[in-house]
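The values are calculated or read from the model by the stated rules, or taken from the named source; none is laboratory data. Values in this document were obtained by computation on a predicted structure and should not be read as measured data. We place every Cβ from the backbone using ideal geometry, glycine too, and count neighbours over all the protein chains shown. In case anyone asks, the SASA skips ligands and DNA or RNA and just uses the protein heavy atoms, side chains included. Shrake-Rupley method; radii C 1.70, N 1.55, O 1.52, S 1.80 Å.
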Amino acid sequence: MEKSVVNIYPLGSYTFGTKEPKMEKDTSVADRLARMKVNYMKEGMRTSVEGILLVHEHNHPHVLLLQIGNTFSKLPGGRLKPGENEIEGLKRKLSGKLAPSSLQPNWQIGECVATWWRPNFETIMYPYCPPHIAKPKECKKLFLVHLSEREYFAVPKNLKLLAVPLFELYDNVQRYGPVISTIPQQLSRMQFNLVNT
């Protein structure tokens with residue numbers, strides 16, 4: 001099977017700015033799970049999409065992560081509206097988190113590299129739906145986002161955008177959680193073409 005080739009451009013070819021803060025809806029994990037429960041009663045299973053954006057530095061692929069405060073990191077993305085198309089929803093979420101308000105980038109959404117399931121209103125997610133769970137509470141899909149050679153990112157003032165090397169994510173569940181720490185394995189089937197401009 002032929003590996004899909006992913007072009008990755010240097011971190012230095014991207015420009016980063018800021019925009020108005022985007023307030024988090026929840027102040028704690030408990031609040032988030034409580035809100036998820038309320039939404040589940042109204043809309044059923046939550047579907048969320050997240051983007052894996054790659055850059056390279058020192059000839060090694062890095063993933064762009066949003067950092068909230070000093071500890072919590074997440075991929076850009078979020079919950080889809082009921083009935084919303086996954087690709088369109090991810091473009092909307094990426095623009096909300098990373099694009100200047102005046103500009104609508106042409107996000108190139110690539111393949112889905114992972115699907116995670118949340119069986120209950122708890123923090124734990126699995127890369128499969130446990131067989132005894134008839135009604136999972138969330139399905140989260142991770143998509144590869146193909147960046148063009150130049151891009152301008154505008155990040156909400158209360159968030160930081162960090163380029164984290166794959167080797168730091170690998171097997172680092174304590175710091176990044178089970179979803180983000182397995183990105184290196186998900187991407188291992190791809191062939192990276194590190195473009196130096």
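Some notes on this structure:
- Taking the DSSP beta bridges with both ends in the chain, the antiparallel portion is around 60 percent.
- Greater than 21 Å apart at Cα, pairs in Lys97/Lys157; Lys37/Lys135; Lys93/Lys157; Lys25/Lys81; Lys74/Lys141; Lys137/Lys160: Lys137/Lys160
- Stretching Phe167 away from Met45 to a fully extended chain increases their span by 40.6 nm, per 0.36 nm per residue minus the current alpha-carbon distance.
- Other-chain or far-sequence residues with amide H under 5 Å of Phe192's (modelled H): Val6
- The trypsin sites (Lys or Arg not before Pro) found in the stretch 100-197 that occupy coil by DSSP, while having at most 14 further C-beta atoms within 10 Å, are Arg150, Lys157, Arg189.
- Given +1 at the Cβ of Lys and Arg, -1 at the Cβ of Asp and Glu and no other charges, the dipole of the chain around its Cα centre is 680 debye to the nearest 20.
- Taking GluC sites (Glu not before Pro) across the stretch 147-197, the ones in a DSSP loop with at most 14 further Cβ atoms lying within 10 angstrom of their Cβ are Glu149.
- Dimensions in Å of the stretch 1-50 - Rg and Dmax from alpha carbons: 18.7, 45
- Each residue, Asn70 and Val38, gets one label point 7 Å from its Cα in the Cβ direction; the gap between the two is 3.1 nm.
- Note, ³J(HN,Hα) from phi for the stretch 164-170, Karplus 6.51, -1.76, 1.60, rounded to Hz, x at Gly and Pro: 10, x, 3, 5, 7, 6, 4
- Excluding ligands, DNA and RNA, the accessible surface per residue across the chain is 54 Å² with a 1.4 Å probe.
- In the chain, a dipole from Cβ-located charges (positive for Lys and Arg, negative for Asp and Glu) runs towards its positive end, and of Val55, Tyr9, Val173 it is Val173 whose Cα lies farthest in that direction.
- Surface listing: His146, His56 arranged by accessible area from highest to lowest gives His146, His56, probe 1.4 Å.
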